[in-house]
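The values are calculated or read from the model by the stated rules, or taken from the named source; none is laboratory data. Note that the coordinates shown come from a computational prediction; the quantities given were computed from them, not determined experimentally. Note that we place each Cβ from the backbone using ideal geometry, even for glycine, and neighbour counts take in every protein chain shown.
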Amino acid sequence: DVKVTQSSRYLVKRTGEKVFLECVQDMDHENMFWYRQDPGLGLRLIYFSYDVKMKEKGDIPEGYSVSREKKERFSLILESASTNQTSMYLCASGRRGLLYEQYFGPGTRLTVT
Amino acid sequence: GQQVMQIPQYQHVQEGEDFTTYCNSSTTLSNIQWYKQRPGGHPVFLIQLVKSGEVKKQKRLTFQFGEAKKNSSLHITATQTTDVGTYFCAGNNNDMRFGAGTRLTVKP
């Protein structure tokens, strides 16, 4: 059974803080993704990675960076958190290729005050 | 870039009524996936459609992929309270993009 875990379910940070969101998957998946979910906007892709040390920008990468030093771990970094980054952040993983589904973690509800 | 539009944004039905959500892409898709997110949960994969005109069924759920591979639909027959949640389509064309989702509520 695929398991995707995220470091926190809830997180409260102050404006300007550096924030790290961690995601770990246990199925040796090549692809990993970070999304943010906001009401009415669905799932918007921030960054994805198809291999260790590889990263690709999604649709809304501004204000974010990522790190993938190990295959099982994909980190999302908010360099200087802002209130408009208050959101639900979802990590997902999947096998390489277009024909494989994504497996999602439980999400991190981030509030920036 | 590729966009996937999904309608309606919300749908409230009486238990036993049918429900349909639609997805439209600005580009031809190689395949489309459907996910369900229960309230408080995370998206879970339901099904994938690959072929032009493909129709697949899962019990009361019917999924269709358009002939031009630019649109898709999910139809639920005789909704139940367990169907409550947000249904997302995700279109693949080199990269996968999710629609905004349709939030379904069911009144018992």
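Is it fair to say A:GLY94 is of a type in the set (Gly, Ala, Ser) and either farther than 28 Å from B:ARG103 by Cβ or out of contact with any Leu (no Cβ under 8 Å at 6 or more places or on another chain) (or both)? Against the criterion (of a type in the set (Gly, Ala, Ser) and either farther than 28 Å from B:ARG103 by Cβ or out of contact with any Leu (no Cβ under 8 Å at 6 or more places or on another chain) (or both)), A:GLY94 qualifies.
The residues of region A:96-113 that are over 16 Å from the mean Cα position of the chain (by Cα) and either at pLDDT 95 or above or surrounded by fewer than 15 Cβ atoms within 10 Å (Cβ to Cβ) (or both), listed by number, are A:ARG96, A:GLY97, A:LEU99, A:VAL112, A:THR113.
Count, please, the residues in region A:1-26 that happen to be assigned to a strand (DSSP E or B) and farther than 23 Å from B:GLN37 by Cβ. Spell out the reasoning first.
In the first step, residues of region A:1-26 are kept if they are assigned to a strand (DSSP E or B); the result is A:4-6, A:10-13, A:19-25.
From the residues that got through so far, the ones that are farther than 23 Å from B:GLN37 by Cβ too are A:12-13, A:19-20.
Summing the residues that are assigned to a strand (DSSP E or B) and farther than 23 Å from B:GLN37 by Cβ in region A:1-26 gives 4.
When A:SER67 is tested against (1) of a type in the set (Gly, Ala, Ser); (2) surrounded by fewer than 16 Cβ atoms within 10 Å (Cβ to Cβ); (3) away from chain B (no Cβ under 12 Å), just one condition goes unmet, and that condition is (2).
Could you check how many residues of region A:59-99 are of a type outside the set (S, T, N, Q) and touching a residue at least 40 places away in the same chain (Cβ under 8 Å)?
Residues of region A:59-99 of a type outside the set (S, T, N, Q): A:59-64, A:66, A:68-74, A:76-79, A:81, A:88-92, A:94-99.
Cutting the leftovers down to touching a residue at least 40 places away in the same chain (Cβ under 8 Å) gives us A:71-74, A:76-79, A:81, A:88-92, A:94-96.
Qualifying residue count, region A:59-99: 17.
Among the conditions (1) among the small types (Gly, Ala, Ser); (2) buried (at least 19 other Cβ atoms within 10 Å of the Cβ); (3) at positive phi, the only one that B:GLY53 does not satisfy is (2).
Restricting attention to region A:4-25, the residues being more than 25 Å from B:ALA100 (Cα to Cα) and at pLDDT below 95 number 1. The single condition among (1) within 26 Å of B:ARG38 (Cα to Cα); (2) in contact with an Asp or Glu (Cβ under 6 Å, 6 or more places away or on another chain); (3) small (Gly, Ala, Ser) that A:ALA81 does not meet is (1).
If the condition is being under 16 Å from A:GLY58 (Cβ atoms) and either among the small types (Gly, Ala, Ser) or not in a loop (DSSP other than H, G, I, E, B) (or both), then region A:89-113 contributes A:TYR89, A:LEU90, A:CYS91, A:ALA92, A:SER93, A:GLY94, A:PHE104.
Do any strands (runs of 3 or more DSSP E) lying entirely in chain B carry at least 3 residues that are modelled with pLDDT under 95 and within 14 Å of chain A (Cβ to nearest Cβ), and which ones are they? Lay out the reasoning, then the answer.
Working: elements: B:4-7, B:10-14, B:19-25, B:31-37, B:44-49, B:55-58, B:61-65, B:71-76, B:85-93, B:95-98, B:102-107.
In chain B, B:85-93, B:95-98 are the strands (runs of 3 or more DSSP E) which contain 3 or more residues that are modelled with pLDDT under 95 and within 14 Å of chain A (Cβ to nearest Cβ).
Among the residues of this structure, A:ARG68 does not count as one that is modelled with pLDDT of 95 or more, under 27 Å from B:MET5 (Cα atoms), in a strand (DSSP E or B) and of a type in the set (Lys, Arg). Scanning region A:27-57 for residues that are within 16 Å of A:TYR100 (Cβ to Cβ), in a loop (DSSP other than H, G, I, E, B) and away from chain B (no Cβ under 11 Å) yields A:MET27, A:ASP28, A:HIS29, A:GLU30, A:ASP51. Among the residues making up region A:6-18, those that are over 15 Å from A:GLY107 (Cα atoms) and either of a type outside the set (S, T, N, Q) or without any contact (Cβ under 8 Å) to a residue 40 or more places away in the chain (or both) are A:LYS13, A:ARG14, A:GLY16, A:GLU17, A:LYS18.
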